[in-house]
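Undergrad: Okay, here's the structure, questions in a sec.
The values are calculated or read from the model by the stated rules, or taken from the named source; none is laboratory data. In this text, all values refer to a predicted model and were calculated from it rather than measured experimentally. Please note: Cβ atoms are built from the backbone with ideal geometry, for glycine as well, and neighbour counts cover all protein chains shown.
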Amino acid sequence: MPVDAEREITRLHGALRGAQGVIKTTFYEWRQTALELAGPNTEPLDIILKFWEIAGKDVAKSFLPALNMLKGEDAFVMNLARALAGTGIANGAVVKLEKGESPDEIFIKWERCPWPTFAKRYGASMQEDLLGCDKFLQTILDEVNLFFNTDLKLETQKAIPRGNGVCLRRLYKEDKK
Amino acid sequence: MGKEFNWDYTSYPGYKKHPHLFKPIQLGKLTIPNRIKYAATEDNLNDKDGFVTDADVAYIRQRAKGVVGGICTMQGVYMDEKRQGQGYVGQAAAWDDKYIPGLKRLADVIHEEGAVACCQLMHCGRVGAIETEYCQGPSVVPQRLRIFRPVQEMSKEDIKQCTKEHVEATRRLIEAGFDIVEISAIVGYLISNFLSSYTNRRTDEYGGDVRGRARIMVEIIKEVKKVCGDVPLGIRLCAEELLDDVRGNTPEESMITYELAEEAGVDYISVTAGWQESILPVISRDIPQGSWLYLAKRAKEHVRVPVSMAYRLFKPELPNKAIGDGDLDIWEMCRPMIADPLMPKKVLEGREEDVRPCVACNLCLARLFRDAPMTCYINPVCAHEWDPKYQIQPAEMKKNVMIAGAGPAGLECAYVAAQRGHEVHVYDKKEELGGAIIEASRAPYGDDELYGVIEFHKAQCEKAGVKFHLGTEVTADLIEEEMPDTVVLATGPNYIKGEAPSFDRANVVSVLDVLDGTAEVGDKVLIWGNRKPGIGVGLFLAKQGKKVTIVGSERGLGKDINPSFRWRYSAYLRENKITVYNDCEIEEITDDGVTTVTYDGFRFPIKADTVVCTERRANESLQDAIREEGIELFVVGDALVPRNLSSAVHDGYRIGIRI
């Protein structure tokens with residue numbers, strides 16, 4: 001029986017979107033679980049930041065074997081930017097990279113991201129959503145810097161949760177600031 | 001000290017063939033009769049509290065016998081009560097006097113075999129602390145691999161304590177009777193962590209430039225040397241870290257550490273390459289033998305003390321020439337003497353054909369990293385030296401044994417059974433020995449070394465009086481005619497096609513026919529099967545410029561390959577642009593490709609003009625006929641369950657000692 005490409009891609013696409021949705025609903029269900037167990041005096045942001053720190057450390061471990069300095073610093077920064085963008089793309093975001101003025105300056109732009117939508121659905125604040133994402137990416141970067149003895153920085157210049165339409169983050173070496 | 005190790009090798013054939021290996025050498029005030037050293041090797045055979053066991057004593061005795069008067073090193077000992085230096089569950093300890101009796105047992109058995117007893121001090125640093133929450137290091141730098149504990153930065157007090165522990169442990173080793181003490185400073189263990197610019201980010205006197213980073217090493221050498229007296233002190237030091245990707249030391253910096261170690265007082269240096277965290281291969285089969293000798297030569301240009309080295313020096317010709325050329329002083333071995341503990345002894349006696357060859361698979365390492373006792377891929381007795389049930393004993397009743405199949409399982413079984421006194425006949429429908437290893441050894445990246453096992457088997461079978469009947473297939477009629485007491489089926493597996501009816505097409509060929517060159521193969525090839533046979537033939541074809549895709553039903557690639565080698569194949573598959581689809585079935589084969597189905601039902605086409613089948617099943621033929629005759633029956637190797645060369649050899653040995 002010949003392969004019906006449209007049918008196969010539709011089925012795969014559906015399964016992927018379903019899986020991406022489950023990741024976010026599960027996150028917010030666990031968030032709710034943690035808040036209920038922690039009691040009324042717990043600040044949700046503390047829990048959320050801790051979660052993203054743990055997640056960032058774990059994801060960073062998978063970055064370490066994939067990155068290396070042998071291809072030069074510029075390639076290293078670009079590959080790191082690609083990997084950071086990949087964490088969003090895997091979750092259903094549209095993320096683009098743009099080179100900055102210098103070779104070790106990359107702008108990472110989230111043109112679409114599903115996380116704020118889920119935050120709204122589950123009653124979490126936009127501030128919490130943004131700070132969580134920042135914590136996740138910053139933790140990854142800290143681990144990468146520690147491992148490779150680099151001093152790369154990441155700054156959030158625009159954010160969808162702030163109503164900027166896109167999230168724009170600048171990855172750069174400090175001395176080029 | 002007055003210890004003398006007198007050996008006269010001049011009458012042995014190995015002395016005439018490899019004269020440089022059997023010349024004496026001076027380490028400090030100690031004369032070593034030859035240039036052979038069994039290097040420190042963890043074996044995970046000691047108990048969980050660091051006490052030496054009977055298994056380890058028996059293991060070391062065999063290696064001591066093997067070095068024929070040379071140096072036999074026991075595994076590195078950890079030296080701290082907190083066990084942060086411990087890197088292996090079965091690692092011996094030396095942090096208290098209570099360990100001296102056990103250590104003495106090891107020194108004694110080494111001496112009983114006429115060898116020189118060496119013990120290593122080993123704090124495992126960032127790859128240690130397997131029983132505790134944090135490991136120690138100069139700086140908090142995360143490890144690349146997940147299996148290790150988080151690193152805690154050592155304070156200056158910790159460093160002083162560590163130096164003291166080295167000194168105390170040395171005192172115990174000397175009291176136990178060891179003739180040489182060696183410090184481990186390699187592969188990611190503590191001292192190497194301090195030496196490396198990758199892991200040492202300190203700004204105090206123990207960090208900074210290479211001299212600052214080497215301060216702890218220099219202090220330890222000087223302090224240990226004070227208690228050594230006339231006992232020579234050596235160090236294992238990395239000549240190239242192979243950590244350029246994470247800004248590790250340059251080769252020039254590594255040579256400075258050599259010079260500093262010599263200045264501090266070591267009597268010899270053991271040269272090594274790479275770390276456990278290096279992304280480059282160092283000792284696997286894909287690295288040609290002798291590749292690292294240039295490091296020993298470089299070391300000799302920087303230091304005056306003797307230089308030893310292991311690392312892919314499996315054949316005696318290589319170290320013999322290097323020593324003769326002045327590029328090396330001592331031939332070290334780990335894995336070749338795991339595979340055959342008596343290897344140098346056999347070289348000396350002119351019995352090189354009796355050496356069971358290491359195939360550089362790194363199963364031994366894979367086991368250690370998973371808290372399992374040492375095992376050798378190719379040596380079934382390894383780590384069972386203590387167990388009489390594992391040894392070859394004369395048979396109580398002599399039998400006429402028919403072995404069907406002259407692959408590694410059949411041949412291993414054959415010579416063992418023959419050595420026990422049985423009359424053994426080996427049949428094979430092929431005209432040559434080796435079974436599937438003949439084809440498997442044609443795969444690239446060092447797989448030709450696999451055939452060395454068959455050469456070993458051939459020599460053993462001939463010496464044991466095994467009778468070969470090549471070109472003769474075992475049939476029910478032949479069994480009825482010969483009526484042996486025992487039949488061992490070592491026929492190899494059945495190579496099978498997929499369940500889809502289109503597997504009968506003409507463009508579907510067998511892996512064996514591809515590797516022996518009898519099958520016609522197009523430019524776009526789909527390999528059916530994601531185990532080692534599929535990977536091997538895939539690389540074989542990719543090397544001919546063909547576009548290769550591997551599709552297999554196993555969840556992961558190369559499940560039959562040990563993890564310490566699998567990463568090499570993964571790298572070569574990427575390098576040769578081979579696409580792999582795991583957890584898939586083939587639904588249909590057409591003239592120009594196949595339809596593949598994922599485990600959860602997604603279908604997609606892959607273009608291919610040839611499909612190579614590598615999947616195997618157990619071979620159950622002849623079993624009923626043999627049972628009906630009331631003949632004792634054993635099934636070994638891939639005929640029992642398709643696995644790998646190691647399983648074939650181990651099966652063959654275990655049945656060989658049982659018949």
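Undergrad: Go through the range B:37-54 and give me each residue that's in contact with a Gly (Cβ under 9 Å, 6 or more places away or on another chain) and more than 17 Å from residue B:183 (Cβ to Cβ).
TA: Those that are in contact with a Gly (Cβ under 9 Å, 6 or more places away or on another chain) and more than 17 Å from residue B:183 (Cβ to Cβ): B:38, B:43, B:44, B:45, B:46, B:47, B:48, B:50, B:51, B:52, B:53.
Undergrad: What pairs come up if the first residue lies in the range B:206-225 and is free of Cβ contacts under 8 Å to residues at least 60 places away in the same chain, the second is acidic (Asp, Glu), and their beta carbons are under 8 Å apart, counting only those six or more places apart or on different chains?
TA: So the pair list comes out as B:210/B:253; B:212/B:205; B:215/B:205; B:218/B:263.
A quick yes/no check of all residues on (1) closer than 19 Å to residue B:438 by Cα; (2) surrounded by fewer than 18 Cβ atoms within 10 Å (Cβ to Cβ); (3) out of contact with any His (no Cβ under 9 Å at 6 or more places or on another chain); (4) away from chain A (no Cβ under 14 Å):
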position	(1), (2), (3), (4)
B:521	no, no, yes, yes
B:529	no, no, yes, yes
B:582	no, yes, yes, yes
B:592	no, yes, yes, no
B:596	no, no, yes, no
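Yes or no, residue by residue, for (1) surrounded by fewer than 22 Cβ atoms within 10 Å (Cβ to Cβ); (2) touching a helix residue (DSSP H, G or I) at 6+ places or on another chain (Cβ under 6 Å):
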site	(1), (2)
B:409	no, yes
B:417	no, yes
B:420	yes, no
B:428	no, no
B:438	yes, no
B:447	yes, no
B:450	no, yes
B:456	no, no
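Undergrad: Quick check on the range B:180-194. Is at least one of its residues in contact (Cβ under 8 Å) with a residue 12 or more places away in the chain, over 22 Å from residue B:92 (Cβ atoms), of a type in the set (Gly, Ala, Ser) and within 14 Å of chain A (Cβ to nearest Cβ)? Can you show your working first?
TA: The initial filter retains those residues of the range B:180-194 that are in contact (Cβ under 8 Å) with a residue 12 or more places away in the chain, namely B:180-194.
Among the residues that remain, those that are also over 22 Å from residue B:92 (Cβ atoms) are: B:194.
Checking the rest, the ones that are also of a type in the set (Gly, Ala, Ser) come to none.
No: the range B:180-194 contains no residue that is in contact (Cβ under 8 Å) with a residue 12 or more places away in the chain, over 22 Å from residue B:92 (Cβ atoms), of a type in the set (Gly, Ala, Ser) and within 14 Å of chain A (Cβ to nearest Cβ).
Undergrad: Considering only residues that are crowded, with 17+ Cβ neighbours inside 10 Å, over 16 Å from the mean Cα position of the chain (by Cα) and at pLDDT below 95, which ones fall in the range B:276-296?
TA: Listed by number, the residues that qualify are B:277, B:278, B:279.
Undergrad: Scan the range B:363-385 and tell me whether some residue there is farther than 30 Å from residue B:115 by Cα, buried (at least 24 other Cβ atoms within 10 Å of the Cβ), in contact with a helix residue (DSSP H, G or I) (Cβ under 7 Å, 6 or more places away or on another chain) and at pLDDT 95 or above.
TA: Start the filter on the range B:363-385 by keeping residues that are farther than 30 Å from residue B:115 by Cα, which leaves B:370.
Now narrow it down to the ones that are buried (at least 24 other Cβ atoms within 10 Å of the Cβ): none.
The answer is no, given that none of the residues of the range B:363-385 is farther than 30 Å from residue B:115 by Cα, buried (at least 24 other Cβ atoms within 10 Å of the Cβ), in contact with a helix residue (DSSP H, G or I) (Cβ under 7 Å, 6 or more places away or on another chain) and at pLDDT 95 or above.
Undergrad: Considering every residue within the range A:149-162, establish whether at least one is at pLDDT 95 or above, touching a Leu at 6+ places or on another chain (Cβ under 6 Å), surrounded by fewer than 20 Cβ atoms within 10 Å (Cβ to Cβ) and farther than 30 Å from residue B:146 by Cα.
TA: Yes, the range A:149-162 contains at least one residue that is at pLDDT 95 or above, touching a Leu at 6+ places or on another chain (Cβ under 6 Å), surrounded by fewer than 20 Cβ atoms within 10 Å (Cβ to Cβ) and farther than 30 Å from residue B:146 by Cα.
This table checks each residue for (1) assigned by TED's automatic domain parsing to the domain that holds residue B:599; (2) of a type outside the set (D, E, K, R); (3) under 22 Å from residue B:286 (Cα atoms).
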site: B:483; (1), (2), (3): no, yes, no
site: B:487; (1), (2), (3): no, yes, no
site: B:538; (1), (2), (3): yes, yes, yes
site: B:551; (1), (2), (3): yes, yes, no
site: B:555; (1), (2), (3): yes, no, no
site: B:563; (1), (2), (3): yes, yes, yes
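Undergrad: While we're on this one: For the range B:562-659, which helices (runs of 4 or more DSSP H) that fit wholly inside it have 3 or more residues that are under 35 Å from the mean Cα position of the chain (by Cα) and more than 30 Å from residue A:7 (Cβ to Cβ)? Don't jump to the end; show me each part of the working.
TA: Details: elements: B:563-575, B:623-628, B:645-656.
Hits in the range B:562-659: B:563-575, B:645-656.
Undergrad: Now for a separate question. Inside the range A:59-69, can you point out the residues that are more than 9 Å from chain B (Cβ to nearest Cβ) and outside any helix (DSSP H, G or I)?
TA: A:66
Undergrad: When the range B:546-585 is examined, which residues are found to be at pLDDT below 95 and β-branched (Val, Ile, Thr)?
TA: Answer for the range B:546-585, where residues must be at pLDDT below 95 and β-branched (Val, Ile, Thr): just B:561.
Undergrad: Something else now. Scan A:41, A:68 and give me the residue that is at pLDDT below 95 and within 30 Å of residue A:102 (Cα to Cα). Break it down into steps so the answer makes sense when it comes.
TA: Details: A:41 fails: within 30 Å of residue A:102 (Cα to Cα).
Result of the check over A:41, A:68: A:68.
Undergrad: Could you list, in sequence order, the residues of the range B:198-230 that are touching a Phe, Trp or Tyr at 6+ places or on another chain (Cβ under 8 Å) and within 21 Å of residue B:175 (Cβ to Cβ)?
TA: Selection gives nothing.
Undergrad: Moving to a separate point now. Going by the conditions given, is residue A:138 in contact with a strand residue (DSSP E or B) (Cβ under 8 Å, 6 or more places away or on another chain), touching a residue at least 60 places away in the same chain (Cβ under 8 Å) and assigned to a helix (DSSP H, G or I)? Lay out the reasoning, then the answer.
TA: Details: in contact with a strand residue (DSSP E or B) (Cβ under 8 Å, 6 or more places away or on another chain): yes; touching a residue at least 60 places away in the same chain (Cβ under 8 Å): yes; assigned to a helix (DSSP H, G or I): yes.
Spelling it out, residue A:138 is indeed in contact with a strand residue (DSSP E or B) (Cβ under 8 Å, 6 or more places away or on another chain), touching a residue at least 60 places away in the same chain (Cβ under 8 Å) and assigned to a helix (DSSP H, G or I).
Undergrad: Also, I was wondering about something else. Here's a check for you: in the range A:78-96, which residue that is small (Gly, Ala, Ser) and within 10 Å of the chain's Cα centre (by Cα) is surrounded by the fewest Cβ atoms within 10 Å (Cβ to Cβ)?
TA: In the first step, residues of the range A:78-96 are kept if they are small (Gly, Ala, Ser); the result is A:81, A:83, A:85-86, A:88, A:90, A:92-93.
Restricting the remaining residues to those that are within 10 Å of the chain's Cα centre (by Cα) gives A:83, A:85-86, A:88, A:90, A:93.
On the way: A:83: 17, A:85: 21, A:86: 15, A:88: 22, A:90: 13, A:93: 19.
By that ranking, first place goes to A:90.
Undergrad: Is there any pair with a first residue in the range B:382-410 that is over 29 Å from residue B:451 (Cα atoms) and a second that is surrounded by 23 or more Cβ atoms within 10 Å (Cβ to Cβ) and aromatic (Phe, Trp, Tyr) whose Cβ atoms are under 8 Å apart and which are 6 or more apart or on different chains, and what are they?
TA: B:386/B:59
Undergrad: Something else: Search the range B:386-403 for residues being of a type outside the set (A, V, I, L, M, F, W, C) and not in a helix (DSSP H, G or I), and hand back the single one that is surrounded by the fewest Cβ atoms within 10 Å (Cβ to Cβ).
TA: First pass over the range B:386-403, keeping only residues of a type outside the set (A, V, I, L, M, F, W, C): B:387-391, B:393-394, B:396, B:398-400.
Subset that is not in a helix (DSSP H, G or I): B:387, B:391, B:393-394, B:396, B:398-400.
Values: B:387: 12, B:391: 11, B:393: 12, B:394: 9, B:396: 7, B:398: 12, B:399: 17, B:400: 13.
This residue is B:396.
Undergrad: Sticking with this one: For the range B:156-275, which helices (runs of 4 or more DSSP H) that fit wholly inside it have 2 or more residues that are of a type in the set (Asp, Glu) and in the same structural domain as residue B:126 (by TED's automatic domain parsing)?
TA: Values: elements: B:156-176, B:190-195, B:210-213, B:215-228, B:251-264.
Passing ranges, in order: B:156-176, B:215-228, B:251-264.
Undergrad: What residue, of A:88, A:72, A:56, A:92, is within 14 Å of another protein chain (Cβ to nearest Cβ) and within 19 Å of residue A:161 (Cβ to Cβ)? First the steps, then the outcome.
TA: On the way: A:88 fails: within 14 Å of another protein chain (Cβ to nearest Cβ); A:72 fails: within 19 Å of residue A:161 (Cβ to Cβ); A:92 fails: within 14 Å of another protein chain (Cβ to nearest Cβ).
Residue meeting the stated conditions: A:56.
Undergrad: Can I ask one more? Can you pull out every residue in the range A:9-31 that is modelled with pLDDT under 95 and within 16 Å of residue A:52 (Cβ to Cβ)?
TA: Residues satisfying the conditions do not exist here.
Undergrad: Those residues that are buried (at least 24 other Cβ atoms within 10 Å of the Cβ) and either over 26 Å from the mean Cα position of the chain (by Cα) or at positive phi (or both), I need them from the range B:179-193; list them, please.
TA: B:179, B:188 - these are the residues of the range B:179-193 that are buried (at least 24 other Cβ atoms within 10 Å of the Cβ) and either over 26 Å from the mean Cα position of the chain (by Cα) or at positive phi (or both).
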